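**Student:** Once you've had a glance at the structure underneath, I'll fire off some questions.
The values are calculated or read from the model by the stated rules, or taken from the named source; none is laboratory data. Bear in mind the structure is a predicted one, so any value in this text is a computation, not a measurement. Methodologically, a virtual Cβ is constructed for each residue, glycine included, from the backbone with ideal geometry; neighbour enumeration extends over all protein chains shown. Surface areas here come from the heavy atoms of the whole protein model, side chains and all, with no ligands, DNA or RNA. Shrake-Rupley method; radii C 1.70, N 1.55, O 1.52, S 1.80 Å.
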Amino acid sequence: MKTLFVSQDPPAAFLAALNSLSEVVLCPDSETALDLANTLRPSLILTEAVLFHDDGFELCRTIRSASSLSLSHVVILTTTTPSQKQTERAREVGATRLIAKTMAPEKLPVLFAEIKNSPVPQQPSPNKTPEDFDTLRAYLLEANRQNQILQAHLEETRRNQDQLEARLRHAQRLGAIGMISSGFAHDFNNILTGILGLSELGLRSCADPKACLHNFEDILTAGQRASRIVRAILSFSRQEEPSLGPLCPRDALAETLILLRTTIPPSIRIVQDICKEPVRVIGETSLFQQILMNLLLNAWHSIAEPSGTIHVQMDWRMPSNRHLQRCPQLQDRRYLCIQVNDTGSGIAPENLEHIFDPFFTTKPAGQGTGLGLW
């Protein structure tokens, strides 16, 4: 057991008794004591309460604040029997014991055994004064005020982000409509040509009721087709806040295909394999249609040949083990699977990991903003 004894004039009998119990290193002042203590890491540090230019109690406080000396006991020696004030101060600075130098040397072995078996005390936190609590309360109030300001800024930022995202979604929908607007114009021109031509034939065939009825039935069919296209355009381009609700994927897909069929060349076949069972899910119609539109447009653009096939499939599936690892909530539950396959070139392997990145696209500038899967 190593003992560091901080004393300018150690009592001879006391020192002799210490030497018989442990390896003692003497030092005269607190500065030397701290350096030696950090080097020796003694189990026990003895210091006199009053040194020539130092204070043993403050030395004990410094030792207790050093993490490297957290396992060292500190015993403070007083010239006489310790007073109540000295006892309280020793407890405040974290001393293990406070004893008088006049202690009989034969009692030291018992003292050493007690110290060895006792835990090393830590320096207690200083008592807080009412002024300290007032200061802490002021800091707490200021922190709460700053927190409220930050919360307000955060809410405003979120609102602005939501507004920007809504504008972006609307711009993407209008961009998709702009991309296929020439197909609308061509299809409407064909419909109007048919309506006008059939109207003339209807007027000329008034004398033949059967021919007249047939012509006006064709006019009605053409008008209904034009109405469906207009309704699909308005549904797809409307600007409103996304809200979850009952959604019929089959109807949303049908409207999207009406829009695309006006633009995609007849040489590109669209094959539908849609389940007959009525389907209702919780979703947002405009966002769902936007994903379908982006997938279908991308499928069309990826078909470099004059002709090709886009296969749209929608059916019920049971989750595979791979799906259950990502979506454990699908356990023992079937889900609706929608696939868009095409005979085009597909996505290059180096681009697959980017398909959910915002605005990622391999198209030249001005020809699209990516799939929008993000």
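**Student:** Quick test for you: out of S302, S320, S307, S267, pick the one residue that is under 38 Å from the mean Cα position of the chain (by Cα), of a type in the set (S, T, Y), modelled with pLDDT of 75 or more and open to solvent by 40 Å² or more (accessible area, probe 1.4 Å).
**Tutor:** So the residue among S302, S320, S307, S267 that is under 38 Å from the mean Cα position of the chain (by Cα), of a type in the set (S, T, Y), modelled with pLDDT of 75 or more and open to solvent by 40 Å² or more (accessible area, probe 1.4 Å) is S320.
Results for (1) within 18 Å of T256 (Cβ to Cβ); (2) out of contact with any strand residue (DSSP E or B) (no Cβ under 9 Å at 6 or more places or on another chain), shown as yes or no for each residue.
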site	(1), (2)
I282	no, no
M293	yes, yes
W300	yes, no
A304	no, yes
I310	yes, no
M314	yes, no
L324	no, yes
Q329	no, yes
D332	no, yes
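**Student:** Does any residue of segment 201-222 turn out to be crowded, with 16+ Cβ neighbours inside 10 Å, modelled with pLDDT under 70 and in contact with a helix residue (DSSP H, G or I) (Cβ under 8 Å, 6 or more places away or on another chain)?
**Tutor:** no
**Student:** Find all pairs meeting these conditions: Cβ atoms under 9 angstrom apart; at least six residues apart or on different chains; first residue within segment 55-79 and in contact (Cβ under 8 Å) with a residue 40 or more places away in the chain and surrounded by fewer than 19 Cβ atoms within 10 Å (Cβ to Cβ); second residue in a helix (DSSP H, G or I) and of a type in the set (V, I, T).
**Tutor:** So the pair list comes out as R61/V93.
**Student:** What number of residues within segment 336-366 satisfy the criterion of being in a strand (DSSP E or B) and either among the small types (G, A, S) or exposed (fewer than 13 other Cβ atoms within 10 Å of the Cβ) (or both)?
**Tutor:** Result for segment 336-366: 1.
**Student:** Taking N147 as the residue in question, decide whether it is modelled with pLDDT of 85 or more and not small (G, A, S).
**Tutor:** Values: modelled with pLDDT of 85 or more: yes; not small (G, A, S): yes.
Taking the combined requirement at face value, the residue satisfies it.
**Student:** Among the numbered criteria (1) at pLDDT below 85; (2) open to solvent by 50 Å² or more (accessible area, probe 1.4 Å); (3) in contact with a strand residue (DSSP E or B) (Cβ under 7 Å, 6 or more places away or on another chain), which single criterion is violated by N19?
**Tutor:** Failed condition: (3).
**Student:** Of the residues I258, I291, only one is assigned to a helix (DSSP H, G or I), surrounded by 15 or more Cβ atoms within 10 Å (Cβ to Cβ) and without any contact (Cβ under 8 Å) to a residue 60 or more places away in the chain; which?
**Tutor:** I258
**Student:** Kindly evaluate L26 against the criterion of being in contact with a strand residue (DSSP E or B) (Cβ under 6 Å, 6 or more places away or on another chain) and open to solvent by 60 Å² or more (accessible area, probe 1.4 Å).
**Tutor:** Yes.
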